[in-house]
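The values are calculated or read from the model by the stated rules, or taken from the named source; none is laboratory data. Since the model is a prediction, treat every value here as computed from it, not as a measurement. A quick note on method: Cβ atoms are made from the backbone with ideal geometry, for glycine too, and the neighbour counts reach across all protein chains shown. All accessible areas refer to the heavy atoms of the entire protein, side chains included, with ligands and DNA or RNA removed. Shrake-Rupley method; radii C 1.70, N 1.55, O 1.52, S 1.80 Å.
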Amino acid sequence: MCWRAGIPDRTPDLLPMRLHPLTSLAAAGSTAVITTAAASLPLSLAVIGGALGLSAVGGTLRRLLPAAVAVLVPLCLSLLVLHGLFFPEGQIILAQWGPARVTAEGLSFALERVAQVSAAVLALLVFSFSVSVPDLVAALSVKGVQGRFAFVLASTLTLLPAITSRLERIRQAQEARGLVIRRGLLHRIAAFRLQAVPLVSALVEDAAVRGAALEARGFGGTGPRTSYRDVPDPVVERWLRILLVLAAAAAVAARLWLAGG
Amino acid sequence: MSSPSLTLPSPAPAAARKRRLLEILGALAIAGTYIYLVLNQPADITGGPGSASALIALSGFLVGAVLLIVAVLPALPTSTVVLIPVALVLNIVLGQFVGSTLVPFYLDAIGTVLIAVLAGPAAGAATGALSSIVWSFFNPTVLPFAAGAALIGCLAGVAARHGLFRRFYLAPVAGFATGIIGGVVSAPVAAFVFGGTSGVATGAIVSAFRSMGDTLLAAITKQALISDPMDKAIVFTVVAVLVYALPRRATLQFLFVRWHRVLAGRNSGQDS
Amino acid sequence: MKTSSALAASIRSFAFHDDDAPVLRGVDVSFAPGTYTAILGGSGSGKSTLGRLLAGWLSPGAGGSLAGHLELAGTRLHFNGTAHDPRIDPARWGEWVGFVPQDASAALSTVRATVAEELAFSLENAGMDRAAMREAVERTAGMLGLAGLLERHPGTLSGGQLRCLAIGCAVILGPAVLVLDEPFASLDTTGSGELALLLRKLVAGGTAVVVLSQVIEEVLLEADGWIVLDAGSVAVSGAPAELMAAPERLPTGIRRPVANRNFSMPASGAAARLGSGAAAPALELRSVHFSYPATAGRGRKARATSGKAGGYQHSTVLQSIDLVLQPGEIVAVTGPNGAGKSTLLRHLNGLLQPTSGSVLVNGKDIAGRPVGDVAAYVGLLFQNPRDQLFERTAAREVRFGLDRRFGAAEAAERTAAALAAVGLSGAAEDHPAELPASGQRLLALATVLARRPPIIALDEPTVALDGDGLAVLDKAVRSAAAAGAAVVLVTHDVPYAHSVADRLLTLDGGRLPGG
């Protein structure tokens, strides 16, 4: 299935210098926000180039590209078709077929949007493909952000690949029982039900066992928590994070002030 | 020898009030952002880069979604929390798969609606918001739709509480209504943040309305009114099929299901 | 004298929500520190429910309604099944009572990247400082033989290692009581021995160890006492020697070890008779080779799998397998774990295609034919029955797809016959997922039997079956064979294979001598 390519790896290749996961998150987030706020084509293009370069240096480009393509290609196509062909507000008409008019304004609007969204998407993807999820989870728990959010994130990323092998097992077991998936929409829908029911009930049942296990191991507790994994967090990075967040906030404020004024 | 306390204390009302306050704030942030965007109908949407509206849409909806998560997540029982990743996996796998086909649907809310039916509107809202945030880990374009997803989860829970999953034919009706509301709320995000839709099939529908001279927001809202109600009707039906296929012992472990008699009894109602 | 027990329970009744009949009735148990108790009972006797209640994994109120009391660490909690009942704090309860469920992998947190962190999960939640955590993790890992695996990802462990990890997670806080649900199931002799040694150590250290089991394993004979459950009540209890001396007092649901002495080839006459017959073989494998493609494509995934396989550098699983199966013949294939037994079975209906060689069913090569079509001739039963079941009642499950092939009248007849053959006629309207584990396997068997395929292939048929279930399976397999079906079963249970098969083959190093 195509989405398999899009799951970030959980064992990142080592960057020459390893940032605290929250620092890279802050960097990616503020880059995305500032690019959106600036809404300038050159900046967007620069961020796209920077993100791709950073990913290449970090050695994650080969895994990042398929995910980025899966997300961005339909979006870009959709925007280019939509605004390239139909832009009633456009004045400069380059070509016309029936109701479809290619306008200069439409094309440039589409291009700007594509660049802006791609920049934000790539900045965030560079983060998720380079971060070590265990480190991120440990950092989140230490930081007092609800350990529950960390649990949901990490558990989802663990279950995602597991579910494919589980579906495959169910499909094999059912074929061995003599179920043939025939052509046609109705048959496909019926086959979907046959596979979804055991999948979902097994997942719900496993979750019930896991819930009991985690509660018995103190997951529901509200007291102070510690972390076995040691994620170093230098003071410099703490200041850097604050700086990045302030820069993003300033960019947003500036844009809103400009728009209002 | 002093014996240890092995029982849970009753929940403190003060904490519940604080959470309620956060919930209301989150809902207000989402509603306020939507009303502002629709009333102002920023003219710059297709004229300029439009990023001021994009920023307002993004930050208003995201802040609302995050407030909802902060309010709800700590209060959920562990049995619900461990189910949320399962729901997210269902959302993401189906959503990513359907999104890559040429079907103008999303089917990315099956897990959210499942949780809402089993654990109630608050859990559903949190799951919807979490789903967008976690999915954005490898598809950042879904992040801005967090508030819309939370709304779907909340409405599904309300529908379940009022017995709309007790009769099999009512589930798609509830889904249809939920889809109308959800679609209308999500449309400004698509319009202001992306300037269009993220799928090719949905983009084609928007193009059709644009060719008739609609504004971008109007065209996307109309597209949402075509896609979303059908999509949610399908999702609600699928979830109804799934919850009735689950063993009764599994569904009845959820207090919400027991208290509000969400599902019909074994021998009454739903049976083909 | 109350203080002499680490954990005690007096259960007048316990029922799940919406169930009329209580699962447990009149159960009084008490476990003293430093004792070893086995709770025996067939599938569906209520022993897992009892175990989870004792361990606080099944909270009275949320999970069902309990009338009676539980007593732990000198605190007695009374329950009447009303809203005023105390609510157990599972975290505090878990500090005193550790529990290891049947499916050890479901007990893992799924959010920890190494075995060490998984072990430390409960310590983290208790707010222990890092140095103390490391010390506790090392101590526990040393005790369980996990010391070499501390940096591995839990997802890459084998089944036996996972069970060890789950036990480690249960004992790391040093609970006074440890409850284990079917810990010996699917462990080989070495594994059982190691686990028994570990339990002895814990008992010597003062822990009250409670083992739930549906099989009288040899290692359970050394327990201080047995409590035998039948239909939710204590049928009998006492010392193992005393109860073994009067086996008629034990319910038939409890599986006894098959006597290992009669290792003469059974029914060799039958095999010879069938072998000499000129009838066309039902199934034939001709020099089947199979190796997993040495992929370079899925980089990480391929690395992870090959790492899991450990010593297997070459990915060849089966080498020149020849096997001829006559109608009416029962053949058992045994072999150590990882020998390729399940891989062999998957070739019989085309789920896996041989790299070279051919598989002939009824004299026809099945290469390229859809599995769903071959399934009309080869009924294959997997280890995990839940993957195959998807309907709302057992009867609908068996009947699925029969209407289209045989018409309504015959479908109904076949459904009833298949359910009767596995002893589930009384459970026809039950939800498959709510049947006990043994019943689920039998139901999956019924779905295969109803189609009356000429070849039946069974993957580890004895796992999860209790005594009654095994008897039913045995009868069903023999009568299918008597009706002319060829049966192949792969199992690690050599005594059972001896007792049922006409021919016993051993798969070792990918070869099947004598096939």
- Cβ-Cβ under 8 Å pairs, at least 6 apart or on other chains, the stretch B:252-264 side more than 9 Å from chain C (Cβ to nearest Cβ), far side basic (Lys, Arg) and open to solvent by 20 Å² or more (accessible area, probe 1.4 Å): B:256/B:161; B:260/B:161; B:261/B:166; B:262/B:161; B:262/B:166; B:263/B:166; B:264/B:166; B:264/B:167
- Note on the structure: Of those in the stretch C:209-241 that are part of a helix (DSSP H, G or I) and of a type in the set (Asp, Glu), the residue least open to solvent (accessible area, probe 1.4 Å) is C:222
- Query: residue C:403: away from chain A (no Cβ under 11 Å), in a helix (DSSP H, G or I) and open to solvent by 30 Å² or more (accessible area, probe 1.4 Å), yes or no?
  - Reply: yes
- Query: Can you tell me how many residues in the stretch C:460-481 are in a helix (DSSP H, G or I) and farther than 16 Å from residue C:495 by Cβ?
  - Reply: 9
- Task: Out of A:117, A:81, A:126, A:71, report the one residue that is within 15 Å of residue B:138 (Cβ to Cβ), part of a helix (DSSP H, G or I) and within 9 Å of chain B (Cβ to nearest Cβ).
- Result: A:71
- Which is closer than 22 Å to residue C:185 by Cα and at pLDDT 90 or above, of C:66, C:70, C:40? C:40
- Task: Taking only the stretch B:80-104 into account, find how many residues are at pLDDT below 90, within 7 Å of chain A (Cβ to nearest Cβ) and open to solvent by less than 40 Å² (accessible area, probe 1.4 Å).
- Result: 2
- Out of the residues in the stretch C:87-101 that are under 28 Å from the mean Cα position of the chain (by Cα) and more than 9 Å from chain A (Cβ to nearest Cβ), which is farthest from residue B:5 (Cα to Cα)? C:100
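Evaluate the following for residue A:155: is it more than 7 Å from chain C (Cβ to nearest Cβ) and either under 30 Å from residue A:26 (Cβ atoms) or at pLDDT below 90 (or both)?
no
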- Would you mention how many residues in the stretch C:366-398 are more than 8 Å from every other protein chain (Cβ to nearest Cβ), open to solvent by 30 Å² or more (accessible area, probe 1.4 Å) and within 26 Å of the chain's Cα centre (by Cα)? 2
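Yes/no matrix, rows are residues, columns are (1) within 18 Å of residue A:116 (Cβ to Cβ); (2) at the interface with chain B (Cβ under 9 Å from one of its Cβ atoms):
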{"site": "A:29", "(1), (2)": "yes, no"}
{"site": "A:33", "(1), (2)": "yes, yes"}
{"site": "A:39", "(1), (2)": "yes, yes"}
{"site": "A:47", "(1), (2)": "yes, no"}
{"site": "A:53", "(1), (2)": "no, no"}
- Query: How about the stretch C:420-455: which of its residues are among the charged types (D, E, K, R) and surrounded by fewer than 24 Cβ atoms within 10 Å (Cβ to Cβ)?
  - Reply: C:429, C:430, C:434, C:451, C:452
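For every residue, the table says whether it meets (1) out of contact with any strand residue (DSSP E or B) (no Cβ under 7 Å at 6 or more places or on another chain); (2) facing chain C (nearest Cβ under 7 Å); (3) not in a helix (DSSP H, G or I).
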residue: A:194; (1), (2), (3): yes, yes, no
residue: A:198; (1), (2), (3): yes, yes, no
residue: A:201; (1), (2), (3): yes, yes, no
residue: A:204; (1), (2), (3): yes, no, no
residue: A:207; (1), (2), (3): yes, no, no
residue: A:223; (1), (2), (3): yes, yes, yes
residue: A:248; (1), (2), (3): yes, no, no
- Within the stretch A:101-113, how many residues turn out to be part of a helix (DSSP H, G or I) and surrounded by fewer than 24 Cβ atoms within 10 Å (Cβ to Cβ)? 7
- Return yes or no: is residue A:182 under 30 Å from residue B:193 (Cα atoms) and either within 8 Å of another protein chain (Cβ to nearest Cβ) or surrounded by fewer than 17 Cβ atoms within 10 Å (Cβ to Cβ) (or both)? no
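Residue B:57 - would you say it is part of a helix (DSSP H, G or I), more than 10 Å from chain A (Cβ to nearest Cβ) and either modelled with pLDDT of 90 or more or open to solvent by 40 Å² or more (accessible area, probe 1.4 Å) (or both)?
no
What is the residue count in the stretch B:239-250 for residues that are surrounded by fewer than 21 Cβ atoms within 10 Å (Cβ to Cβ) and assigned to a helix (DSSP H, G or I)?
6
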- Message: Quick test of your reading of the structure: residue B:165 fulfils all but one of (1) more than 10 Å from chain A (Cβ to nearest Cβ); (2) over 15 Å from the mean Cα position of the chain (by Cα); (3) at pLDDT below 90. Name the failing condition by number.
- Response: (3)
